[in-house]
Amino acid sequence: MLKTVHELFRPEQVTMIKYDESGDVKYTMRYGHDGSHESLKTKKDQPELQSVLRMTRRLNAPYHSRLANGNSISAFPVLDFQLLSVCLIMESRRQGASNDIKLIQGLLEIYRNFCHLIEDAQRDQLTGLLNRKTFDESIQRVIGMSSSLSTTYQNQEEDRRSHPDCDSSYWLGLIDIDNFKKINDTLGHIYGDEVLLLMSQIMRDSFRESDLLFRFGGEEFVVVTENLDMQGAKTAFERFRSKVEQFNFPQVGQVTISFGAVKVGSADVVHAVLDKADKALYFAKQNGKNRVCFYEELIQAGLIEPARAKLNQEVELF
């Protein structure tokens, strides 16, 4: 999209910006006049850009202004999701003609429809989290990134001695809502769906934007987070578990969750990672619920048997 706009109108630069509800810029992708593009975090010391974003968000329509350097700047709303919005910023030496603006808006409408089609295919309709269909591909990418990290640290022996867990810093948590069937049976599916919606919101508030959050199906969720070691992952998972436990769900009251967690290694395959997490989750459910159990710790303590590879490459959950 950036390349198309740049080739059509030849601005100084064109940028796609992702920002949150407070207007703080989280991520930008920029295409410059030299034909290069870059992805970067935008610095906060850009008052002109912040002002343009605020006006665009307030108007919910394109906004045009002039910068201190004399260039014209135009901002076009692109996408508006629950927590993040996307805006296209075009900086040019000349003010855009009305026909140019209409053409850009037409291109963005096509782009917007395309993004919504992708979003609908990848998101769970009830919670807005990533859905089960996107899980395998996402975890495969995480395994690939773990492999890259492992290779990097193999070439940096000093760093490996300092951080022995750095060969893979991705952790998967398989989550199940405790006694969820009882909620549906006693209060009805409307309240059950409300619990799922609120649970997904607590997940978003508890984890970082870069973490992967899935509704796996029914009352089951998955989170994949990047942390230096097990303690970091445990802190993140326990924080979420505690927030759920302390939250007052309307008409339902207290709801708790159980976690089965595992480290994602560079040599893993998707079904094996899930099988390990499932074993840890089963142990948590059978031993009090409302707790976080790590597969590695359970194996080390001799509390569960190691997960065995299945010849048919299938895994059964719960």
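Before moving on, here are some points about what is shown:
- Solvent-accessible area of Phe114 with every protein chain in place, 1.4 Å probe, in Å² to the nearest 10: 120 Å²
- The slack between Thr4 and Asn179, meaning 0.36 nm per residue of separation minus the straight C-alpha distance, is 57.8 nm.
- Were the residues from Glu305 through Phe247 laid out at 0.36 nm apart, the gain over their Cα-Cα distance would be 17.4 nm.
The values are calculated or read from the model by the stated rules, or taken from the named source; none is laboratory data. Since we're looking at a predicted model, the values are computed, not measured. For accessibility, only protein heavy atoms count, side chains too; no ligands or nucleic acids. Shrake-Rupley method; radii C 1.70, N 1.55, O 1.52, S 1.80 Å.
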